Amino acid sequence: MNATDFSGFLSLWSQPGLTTIREELFDRHDVQVDLLRLDQLHPQVSGNKWFKLKYNLMDAIRLSAAGIVSFGGAYSNHLHALAYAGHRIGMPTTGIVRGEAVSNPTMDDCRRWGMHVHFVSRTAYRVRHTEMFLEQVQQQFPAYAVVPEGGNNAAGRRGSAEILDGIELSPYTHIGLSVGSGATLCGVLEAGLTHQHVLGFAALKQAAYLKDEIAAHSDKTNWSLIEDAHEGGFGKFTPALLQFMHEFETKHGIELDVVYTAKMMKAVYGMIAGGQMPAGSRMLLIHTGGLQGNRSIR
Ligand SMILES: *Cc1c(COP(=O)(O)O)cnc(C)c1O
């Protein structure tokens with residue numbers, strides 16, 4: 001890759017904007033809500049997955065990897081972002097995808113951007129974290145960099161800390177974001193100020209194990225995990241969630257994604273209405289993108 005390609009590549013992580021969400025409900029409780037728009041980073045791909053990929057890609061380039069292999073579901077925002085990045089920088093990519101072979105808009109994009117897509121059974125996929133499985137993958141794709149599902153590793157956490165770069169953080173009392181693996185929360189927690197409380201809204205059921213995951217990567221204690229905002233589990237949704245998403249988009253002109261950010265936003269409304277946010281709170285919520293996944297519900 002030449003120097004021009006490289007600066008063009010880095011410009012994919014442009015500075016996101018902030019939108020203040022205006023609601024009578026918020027005024028009544030004297031709470032301010034600002035939304036950090038990672039959904040607007042790039043016309044085709046967006047969100048926190050970019051930040052988690054940044055140093056994974058740079059490491060692969062630095063080590064002259066023959067390509068990058070990673071893992072995800074058939075609607076994975078991570079594989080989608082990886083495929084696009086690989087296409088942009090001329091790095092071959094392989095996606096190992098959970099479940100039976102399907103064709104959907106996410107996988108079609110990935111293939112169009114040159115990703116080699118391999119479907120594996122759910123049973124085989126379940127052991128993707130084991131050393132044996134990873135060794136097999138490495139043998140099958142020699143000289144490839146192996147990036148874990150969702151970009152959940154040290155490079156991913158390091159990139160996530162840059163999400164807050166350039167933002168005047170001091171006025172905020174709370175930072176809120178949706179949580180899958182917790183890697184993004186760890187990065188944000190690192191970059192946040194000590195007086196701020198970081199609220200993580202788990203997008204999955206039985207998320208208690210994530211507390212150990214997060215604690216294993218950070219000594220900070222100014223965070224909590226909200227475990228009852230999952231709306232039925234990962235990738236699941238309720239009619240009430242869809243209605244909330246629709247109303248939010250109609251009122252504010254901002255699309256939320258059904259897997260992550262809609263659940264966070266609905267829970268925040270509930271917390272404010274329930275008097276759980278102290279008067280004077282200033283919340284910085286992170287729109288982590290992922291809108292491409294909404295094509296699964298259309
Ligand atoms: C992956 C993802 C998350 C969760 O990020 P983690 O680092 O895995 O916790 C949140 N929002 C969106 C839109 C995502 O794609």
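The values are calculated or read from the model by the stated rules, or taken from the named source; none is laboratory data. As the structure is a computational prediction, the values presented were derived from the model and not from experiment. All Cβ positions, glycine included, derive from the backbone under ideal geometry; neighbour counts span all protein chains shown.
A single member of 251, 205, 220 is within 22 Å of residue 28 (Cα to Cα) and either assigned to a loop (DSSP other than H, G, I, E, B) or more than 14 Å from the ligand (Cβ to nearest atom) (or both), and it is 251. Can you tell me which of 256, 210 is farther than 25 Å from residue 105 by Cα, crowded, with 16+ Cβ neighbours inside 10 Å and within 13 Å of the ligand (Cβ to nearest atom)? Only one candidate passes the filter, namely 210. Scanning the stretch 24-50 for residues that are among the acidic types (Asp, Glu) and either surrounded by 16 or more Cβ atoms within 10 Å (Cβ to Cβ) or in contact with a helix residue (DSSP H, G or I) (Cβ under 6 Å, 6 or more places away or on another chain) (or both) yields 34, 39. For the stretch 235-246, check the following and say yes or no: at least one residue is touching a residue at least 40 places away in the same chain (Cβ under 8 Å) and in contact with a strand residue (DSSP E or B) (Cβ under 9 Å, 6 or more places away or on another chain). No: zero hits.
So, residue 198, is that one touching a residue at least 24 places away in the same chain (Cβ under 8 Å), away from the ligand (no atom under 13 Å from the Cβ) and in contact with a Gly (Cβ under 7 Å, 6 or more places away or on another chain) or not? Judged against the criteria, residue 198 is not a match. List the helices (runs of 4 or more DSSP H) that sit entirely inside the stretch 87-197 and contain at least 2 residues that are within 30 Å of residue 283 (Cα to Cα). Of the helices (runs of 4 or more DSSP H) lying wholly inside the stretch 87-197, those with at least 2 residues that are within 30 Å of residue 283 (Cα to Cα) span 154-160, 183-191. Residues in the stretch 73-91 that are surrounded by fewer than 24 Cβ atoms within 10 Å (Cβ to Cβ) and either touching a residue at least 60 places away in the same chain (Cβ under 8 Å) or among the polar types (S, T, N, Q) (or both): 73, 75, 85, 88, 89, 90. Within the stretch 262-280, can one find any residue that is away from the ligand (no atom under 13 Å from the Cβ), at pLDDT 95 or above, touching a Lys or Arg at 6+ places or on another chain (Cβ under 9 Å) and not in a helix (DSSP H, G or I)? No: the stretch 262-280 contains no residue that is away from the ligand (no atom under 13 Å from the Cβ), at pLDDT 95 or above, touching a Lys or Arg at 6+ places or on another chain (Cβ under 9 Å) and not in a helix (DSSP H, G or I). Each residue in the stretch 281-298 was checked for being in contact (Cβ under 8 Å) with a residue 60 or more places away in the chain, part of a loop (DSSP other than H, G, I, E, B) and of a type in the set (D, E, K, R), and 0 of them qualify.
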